[in-house]
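A short worksheet on the structure shown next.
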Amino acid sequence: MPDKFDSFDRIAQLLLLIAAVTTVANGAFMLVKPLDWYVFVPTVVTTGPPNAHFIRDIGLAYLGSGLILFYAAFDPVRRWRAAVVGGLWLSFHGLLHIYEVAAGICGPATFWADAPAVIGQPALVIAALVLLRVRKRI
């Protein structure tokens, strides 16, 4: 495994870093200001009354995933397994949202409003891992 990063490794690193920053920011917001987060995300208010404890629980999952992704972003070639772990909860969360639309629990409009954050973060992680794998860096 080469020690030197090339431009494609840097792209993978950037994708992981964007996912990490947005995930940590969301998790921190949920932990520090759960009720403000609840009204900030317009689709959340349609799911029922706010529960600050539950919002903080989910914020911890986001924060943990984001911190693992930060670790992976520093050296994605050697720390790709950390990227898998950091992206796992995000991917399951995104799949849950896809399931809810398919099952008719929520409408497509809600899905598309949530998609940039709910599908975007795991998509960035998956794209970084695919890029590394296709290039036989992992």
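The values are calculated or read from the model by the stated rules, or taken from the named source; none is laboratory data. As the structure is a prediction and not an experimental result, all values here were calculated from the model. Cβ: placed from backbone, ideal geometry, glycine included. Neighbour counts: every protein chain shown. Just so you know, the surface numbers come from the protein's heavy atoms only, side chains and all, with ligands and any DNA or RNA stripped out. Shrake-Rupley method; radii C 1.70, N 1.55, O 1.52, S 1.80 Å.
Are any residues in the range 110-128 more than 14 Å from the chain's Cα centre (by Cα) and either open to solvent by less than 40 Å² (accessible area, probe 1.4 Å) or among the hydroxyl-bearing types (Ser, Thr, Tyr) (or both), and if so, which ones?
Residues satisfying the conditions are Thr110, Phe111.
Among the residues of this structure, Pro50 counts as one that is modelled with pLDDT of 95 or more and either touching a His at 6+ places or on another chain (Cβ under 7 Å) or assigned to a loop (DSSP other than H, G, I, E, B) (or both). For the range 26-46, residues that are touching a residue at least 12 places away in the same chain (Cβ under 8 Å) and assigned to a helix (DSSP H, G or I) total 11. Can you run down the residue pairs with Cβ atoms below 6 Å, 6 or more apart or on separate chains, where the first is in the range 53-73 and open to solvent by 70 Å² or more (accessible area, probe 1.4 Å) and the partner is in a helix (DSSP H, G or I)? Final answer for the pair search is Arg56/Leu31; Arg56/Pro34; Tyr71/Ala82.
Screening the range 80-138 for helices (runs of 4 or more DSSP H) wholly inside it with 2 or more residues that are more than 17 Å from Gly59 (Cα to Cα) and either in contact with a Cys (Cβ under 9 Å, 6 or more places away or on another chain) or at pLDDT 95 or above (or both) returns the ranges 80-102, 120-134.
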